[in-house]
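The values are calculated or read from the model by the stated rules, or taken from the named source; none is laboratory data. Everything numeric in this text was worked out from a predicted model, so none of it was measured. Cβ placement follows ideal geometry from the backbone for every residue including glycine, while neighbour counts extend to all protein chains displayed. Ligands, DNA and RNA are stripped out before the accessible areas are found, and what is left, the full protein with its side chains, is counted by its heavy atoms. Shrake-Rupley method; radii C 1.70, N 1.55, O 1.52, S 1.80 Å.
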Amino acid sequence: MKKLLPVLFLLFVACTVQKVKKSMRDSEVFSQGFTGFMLVDPVKDKVLYAQNEDKYFTPASNTKMFTFYAAYKVLGDRVNALDYLESGDSLIFWGTGDPSLMHPDFEDRSVLNFLESSDKQLFMADNFGEVQAYASGWSWNWYNYYYGPERSAMPIYGNIVRFTKQKSSPRFSFSPRYFADQVQEDLSLPAREYTILRDQKINDFRYHLVGEELSFETDKPFVTSSQLTREMLQDTLDKSITMISYDSVKDRPHQKLKGIATDSLYKQMLKISDNFLAEQLMVLVADELGDSLNMRNAIGYVEDHYLEDLPDEPQWVDGSGLSAHNKFTPRSIIKLLVKIKAEVPEEKIFAYFPSGGESGTIRSWYKSDDEHPYVYAKTGTLSGVHCLSGYLLTKSGKTLYFSFMHNNYVISSNELKKEMEKVLYLIYDRY
């Protein structure tokens, strides 16, 4: 009987794999687009199922896993919040890409405390020209949406204006108040519950609210510039800051001010798929690698030094995955998951990644039969794109790696999620 048990188990596993294959092959939902899927048992070093695993897909926010890995390898426990040098009675500083300065979701005051406590005259070197506001492949009209803040060398307030209204209040509030003169009511806007729009080229915000019982919070990106950041920082510090050319200091020996813990950035970036944090993390990687904010060079370095063993060469162009120019294969994503699992403590992975039925972008999906999630994975969504890649914990105690990638579908993403949920639950329940 003891000899028979392993045989029966192998037959049961084989039956489960066959059911997964049938579910994938016969799915009328998956057949309405282009689907890739790969499932791996790392203990057995075995591919359990693969479909189009060597084909390139637009990954959308699955790209953030590559950004996370790059940052984890390069940045250490705390980001470089500021580059600076002291010369006589002058303190000269410039941006590293740190996204936390006065960000509404974080409380780090490293930069503010450092500048406030200095008794030297402050000079800000303008290195904003090193960072393009939008990446290649981004849509021009994202300037009005929460998910499209501009990238910059020295972000402030997360490069967004946050509008908030409680039911108990007849009016909304917003931060930063710097834009008080540029927020105006416009009754010609659509009479929905609330409409807040920004002019494309300038920081001119117009709003129309309908009904006093509204409750909302929404972020609107603002147009960034070195001059605007200098003015906002100057107002906060109540100190004069003089702008100077970056060329005059970029080759001089300088120091780096340590700032916010990277853990807090990774968690928010992956959990809620924060595009702004993802982009700025890659700027920070560039700064750490070469005292330049050239993200293209940073991505190339990471590909050459940390991702050289991917089965398929990636086409990787931004930090967030907003660009449709990004292209990865399911088997390259699996290889990345292998690297993350080998190098990042498991408790950190489970703290950073969205968890099925509990947190982040999959809190309403992939619920387990008990209080423990069985899916820890990163989503990726653009028009006609939906991906989910990560770790699947089975009832039998195994941890499997999977990558689900869908492109060019014309049905709703919810239909895809329901079908994916059936497949992943089957694996969770039976493998």
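Residues checked against (1) farther than 30 Å from PHE93 by Cβ; (2) not aliphatic (A, V, I, L, M):
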site: LYS165; (1), (2): yes, yes
site: SER169; (1), (2): yes, yes
site: ARG177; (1), (2): no, yes
site: ALA191; (1), (2): yes, no
site: ILE202; (1), (2): no, no
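Determine if the range 231-251 includes at least one residue that is under 30 Å from SER61 (Cβ atoms) and in contact with a helix residue (DSSP H, G or I) (Cβ under 7 Å, 6 or more places away or on another chain). Yes, the conditions are met somewhere in the range 231-251. Among the residues of the range 281-309, the ones that are touching a Leu at 6+ places or on another chain (Cβ under 8 Å), open to solvent by less than 20 Å² (accessible area, probe 1.4 Å) and either modelled with pLDDT under 95 or under 13 Å from ASN80 (Cα atoms) (or both) come to 6 in all. Is it fair to say SER23 is modelled with pLDDT under 90 and either open to solvent by 10 Å² or more (accessible area, probe 1.4 Å) or not in a loop (DSSP other than H, G, I, E, B) (or both)? So SER23 fits the description; yes.
Restricting the first member to the range 222-251 and to residues that are within 29 Å of GLY148 (Cα to Cα) and open to solvent by 50 Å² or more (accessible area, probe 1.4 Å), and the second to residues that are outside any helix (DSSP H, G or I) and at pLDDT 95 or above, the beta-carbon pairs closer than 6 Å and six or more apart or on different chains are MET243/MET124; MET243/ASP126. Here is the figure for the range 89-137: residues that are within 16 Å of TYR157 (Cα to Cα), among the polar types (S, T, N, Q) and buried (at least 20 other Cβ atoms within 10 Å of the Cβ) total 2.
Each residue in the range 180-219 was checked for being closer than 21 Å to PRO155 by Cβ, touching a helix residue (DSSP H, G or I) at 6+ places or on another chain (Cβ under 7 Å) and surrounded by 12 or more Cβ atoms within 10 Å (Cβ to Cβ), and 4 of them qualify. Within the range 138-151, the only residue that satisfies the criterion of being open to solvent by less than 40 Å² (accessible area, probe 1.4 Å) and touching a Lys or Arg at 6+ places or on another chain (Cβ under 8 Å) is ASN144.
When LYS258 is tested against (1) in contact with a Ser or Thr (Cβ under 9 Å, 6 or more places away or on another chain); (2) open to solvent by less than 20 Å² (accessible area, probe 1.4 Å), just one condition goes unmet, and that condition is (2). Residues in the range 297-334 that are in contact (Cβ under 8 Å) with a residue 24 or more places away in the chain, assigned to a helix (DSSP H, G or I) and under 19 Å from ALA60 (Cβ atoms): ILE299, PRO330, ARG331, ILE333, ILE334. Could you please find all residues in the range 152-177 being open to solvent by 20 Å² or more (accessible area, probe 1.4 Å) and modelled with pLDDT of 95 or more? Listed by number, the residues that qualify are TYR157, ARG162, THR164, SER173, PHE174, SER175, ARG177. Screening SER332 on (1) closer than 20 Å to MET38 by Cα; (2) open to solvent by 20 Å² or more (accessible area, probe 1.4 Å) shows it passes everything except condition (2). In the range 65-87, the condition of being modelled with pLDDT of 90 or more, among the polar types (S, T, N, Q), loosely packed, with under 13 Cβ neighbours inside 10 Å and under 30 Å from ALA261 (Cα atoms) is met by at least one residue. Here the range 35-49 is the region considered, the condition is being surrounded by 17 or more Cβ atoms within 10 Å (Cβ to Cβ) and not β-branched (Val, Ile, Thr), and the residue that is farthest from LEU393 (Cα to Cα) is GLY36. Candidates in the range 178-209 are the residues that are among the hydrophobic types (A, V, I, L, M, F, W, C) and outside any strand (DSSP E or B); of these, the one that is modelled with the lowest pLDDT is ALA191.
Among strands (runs of 3 or more DSSP E) entirely within the range 344-429, having at least 1 residues that are open to solvent by 30 Å² or more (accessible area, probe 1.4 Å) and hydrophobic (A, V, I, L, M, F, W, C) singles out 375-382, 385-393. Looking only at the range 50-64, residues that are open to solvent by 10 Å² or more (accessible area, probe 1.4 Å) and either over 15 Å from LEU277 (Cα atoms) or free of Cβ contacts under 8 Å to residues at least 24 places away in the same chain (or both) come to 8 in all.
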